[in-house]
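Trainee: Please find one structure pasted underneath; my questions will follow.
The values are calculated or read from the model by the stated rules, or taken from the named source; none is laboratory data. On a predicted model such as this, the values are computed, not experimentally measured, just so you know. Don't worry about glycine lacking a Cβ; one is built from the backbone with ideal geometry, like all the others, and counts go over all protein chains shown.
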Amino acid sequence: MNIVRKPSPNINTGRQGHTPDMIVCHITDGGFEGAVSWLTNPESRVSSHFVVARDGRITQLVELTDTAWANGTSGTKSNNQWHGHSTLQVVRERNVNANRYTISIEHEGRHAETAGALAPAQLEATIFLIGHIRSEVKRLFGLEIPMTRQHIVGHHEITPRTRPNCPGRLFPFDEIIRRLSENTAQPAPQNPSASPSNFAREAWEWAVQNNLIDGTNPREPATREQLVTILLRFNRMLGN
Ligand SMILES: [Zn+2]
């Protein structure tokens, strides 16, 4: 999938030393072109790292290493965007503007029509994009963003008082997390000889319990280095 770049001036360069470990999903409440235009207009004083259209187009407005003006929090208790109002523990605990440690994705849609549900092509683009963000964050910051609801969140969870409907109750967080987890999960082992033969079962379990072997590949031949390791462990087991 292709990511078109259209840089926004509405940013802070860098992240003041913070590592982005949270992806925040938004709804534009308007059309794709209008949203890109507004988020790159210096008068708007708002931006987002990405905008995903209903037809699956993706535009990047802010670099991952820079701070977008998308879902800021305030350190002032009387402010409606006070970080202490967040429903997320990690946001409440950090006395830092959430823009510094988040990556923002705007999704084209009108909340009154969709309540945050994504179009099929848009869902596929978002799943691709989050996978892309994860590999880029790993490359740039050395951090693997976990695929959990603590790290893939909605704007309404950051500032519930000012953005209760962003992106909306039908936004498919669980499906996105499930699909991305499937992509990274190891396939289940399908080895027909994964359990020992009946005659060897007792000896096998004894050897596993005594840490002589690691319990895998019971019907495979042993190499000479595996053999001497078993002998050494057995010798130590006898107290020598
Ligand atoms: Zn939002």
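Trainee: Take the conditions within 16 Å of Phe32 (Cβ to Cβ), over 17 Å from the mean Cα position of the chain (by Cα) and of a type in the set (A, V, I, L, M) and apply them to Leu129. Does it pass?
Mentor: In short, no.
Trainee: Taking segment 15-30 only, how many residues are surrounded by fewer than 19 Cβ atoms within 10 Å (Cβ to Cβ) and more than 24 Å from Ala112 (Cα to Cα)?
Mentor: 6
Conditions (1) away from the ligand (no atom under 16 Å from the Cβ); (2) in contact with a His (Cβ under 6 Å, 6 or more places away or on another chain), marked per residue:
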| position | (1), (2) |
| --- | --- |
| Asn2 | yes, no |
| Pro20 | yes, no |
| Ile23 | no, no |
| Asp29 | no, yes |
| Glu33 | yes, no |
| Ser44 | no, no |
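Trainee: Further question: Which residue pairs have Cβ atoms under 8 Å apart, sit 6 or more places apart or on different chains, and have a first residue in segment 68-91 that is farther than 25 Å from Trp38 by Cα and a second that is of a type in the set (Phe, Trp, Tyr)?
Mentor: Final answer for the pair search is Gly75/Trp82; Thr76/Trp82.
Trainee: Select from segment 31-54 the residues that are in contact with a Phe, Trp or Tyr (Cβ under 8 Å, 6 or more places away or on another chain) and exposed (fewer than 14 other Cβ atoms within 10 Å of the Cβ) and list them in ascending order.
Mentor: Arg45
Trainee: I'd like to check which helices (runs of 4 or more DSSP H) are fully inside segment 92-179 and have at least 2 residues that are among the β-branched types (Val, Ile, Thr) and either at pLDDT 95 or above or within 16 Å of the ligand (Cβ to nearest atom) (or both).
Mentor: 120-141
Trainee: Please go through segment 54-78 and give me each residue that is in a loop (DSSP other than H, G, I, E, B), within 16 Å of the ligand (Cβ to nearest atom) and β-branched (Val, Ile, Thr), ordered by number.
Mentor: Residues satisfying the conditions are Val62, Thr73.
Trainee: Looking at (1) under 30 Å from Ile103 (Cα atoms); (2) not assigned by TED's automatic domain parsing to the domain that holds Ala117, which is the one condition that is false for Arg179?
Mentor: (2)
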